[in-house]
1. Output the helices (runs of 4 or more DSSP H) that fall wholly within region 99-201 and possess 3 or more residues being at pLDDT 80 or above, within 28 Å of Ile273 (Cβ to Cβ) and in contact with a helix residue (DSSP H, G or I) (Cβ under 9 Å, 6 or more places away or on another chain), or say none.
2. Tally up the residues in region 216-227 that are out of contact with any Leu (no Cβ under 9 Å at 6 or more places or on another chain) and in a helix (DSSP H, G or I), please.
3. Hey, can you tell me all the residues within region 234-284 that are within 14 Å of the chain's Cα centre (by Cα) and assigned to a loop (DSSP other than H, G, I, E, B)?
4. State whether the residues of region 54-73 include one that is buried (at least 19 other Cβ atoms within 10 Å of the Cβ) and assigned to a loop (DSSP other than H, G, I, E, B).
5. Exactly one condition in (1) more than 19 Å from Val236 (Cα to Cα); (2) buried (at least 20 other Cβ atoms within 10 Å of the Cβ) is false for Met111; which is it?
6. Looking at (1) at pLDDT 85 or above; (2) closer than 24 Å to Arg4 by Cβ; (3) buried (at least 19 other Cβ atoms within 10 Å of the Cβ), which is the one condition that is false for Val249?
7. Any idea which of (1) part of a helix (DSSP H, G or I); (2) crowded, with 20+ Cβ neighbours inside 10 Å is the one Thr78 doesn't satisfy?
8. Can you tell me which of Thr302, Thr232 is out of contact with any Asp or Glu (no Cβ under 6 Å at 6 or more places or on another chain), crowded, with 23+ Cβ neighbours inside 10 Å, over 18 Å from Val52 (Cα atoms) and at pLDDT 80 or above?
Amino acid sequence: MKRRLNIWLVSAGLALLMAAAMLVCSTMGVVRFDRTELLQSPIFWNLRLPRVVLSVLVGAALSVCGATYQSVFRNPLTDPYVLGISSGASLGAAIAIVLGLQSYLWGVGAMALMTALLTILLIFKVASTGNRMHTTTLLLTGVCLTFLITAAISLLMALHQDKMESIIFWTMGSFASASWMDVTIVLPVTLLGIGVVLYYSKDLNLLLTGSETAQSLGVEVEKVRRRLLLFTTLMVAFSVSACGVIGFVGLVVPHCIRLVCGSDNRRIIPYSIFVGGIFLLLCDTVARTLIPPNELPVGSITSLLGAPMFIYLLYKSKRRI
């Protein structure tokens, strides 16, 4: 009971911090408002606010997905970007752009979901032997798939140069075109996915002990694993369809929380929701305010922070890998 109360209190504090960060960040930019103008400005309601809300949603989704993958695969080095799932979703988005499907409500998201699911299925097929997942093979498969998908996207851009600018948007990640339509598409998928992961957070703890041990403790391992991967891949796909590929959020945030709070996913998952949202919100704010009136791709900011962390994790884990 005391543990649950602590989790609720910390989560409430993080939620308040996130709300404050959203309010402050929504006032920052090329056009500045005072308090009396803020709520009356179309720029605030139509441009700033949907961008802030979307960045928080995507940050929460990617962080929760990263924490889930790290438990399912029993590897702190995995996240949607490293495994190539984000790149797989971006390939589907690029194909949808070439085919002109972005004018349909679910056009880009459905194609991104399809290729993301194919990517995770391929990773499972290559890296699994029975119920065992080999860490080295898993990481190498993700790296190889990322290179392969990057080559395919480059080929699409070469063959369809009139679509190049739109495709580049997906490969670099940006919230520049965020709208309330994007929010309405990403929000239900993110809430559903996070709800499923929270429901299975105790089972995620048992999966960390190994498939056989978890099975002996009453966890339907394959059923739980398939459901978690399905809903997390859904979140990744629709996040990518809204803002492109944003790397290392799912790696950095859960690992930092794990260092502070331990390995209990009943803490890591809810904390990742808010810390991930705050992290990506701040990165996007830096991306759009660092060199005004120009914008940096938010994916470059997260990668600058995430890549050194990834190298550090590799160094720490090299004896096990």
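1. In region 99-201, 107-127, 135-159, 180-199 are the helices (runs of 4 or more DSSP H) which contain 3 or more residues that are at pLDDT 80 or above, within 28 Å of Ile273 (Cβ to Cβ) and in contact with a helix residue (DSSP H, G or I) (Cβ under 9 Å, 6 or more places away or on another chain).
2. Within region 216-227, the first condition is being out of contact with any Leu (no Cβ under 9 Å at 6 or more places or on another chain), and the residues that meet it are 216, 220, 222-223, 226-227.
Next, from what is left, pick out any that are in a helix (DSSP H, G or I): 216, 222-223, 226-227.
Residues in region 216-227 being out of contact with any Leu (no Cβ under 9 Å at 6 or more places or on another chain) and in a helix (DSSP H, G or I): 5 in total.
3. Gly244, Val245, Ile246, Gly247, Phe248, listed by residue number.
4. Yes, that holds for at least one residue.
5. For Met111, the exception is condition (1).
6. (2)
7. Of the numbered conditions (1) part of a helix (DSSP H, G or I); (2) crowded, with 20+ Cβ neighbours inside 10 Å, the odd one out for Thr78 is (1).
8. Every option except Thr232 fails the conditions.
The values are calculated or read from the model by the stated rules, or taken from the named source; none is laboratory data. Source: prediction; values computed, not measured. For neighbour counting, all protein chains shown are included, and Cβ atoms are generated from backbone atoms with ideal geometry for every residue, glycine included.
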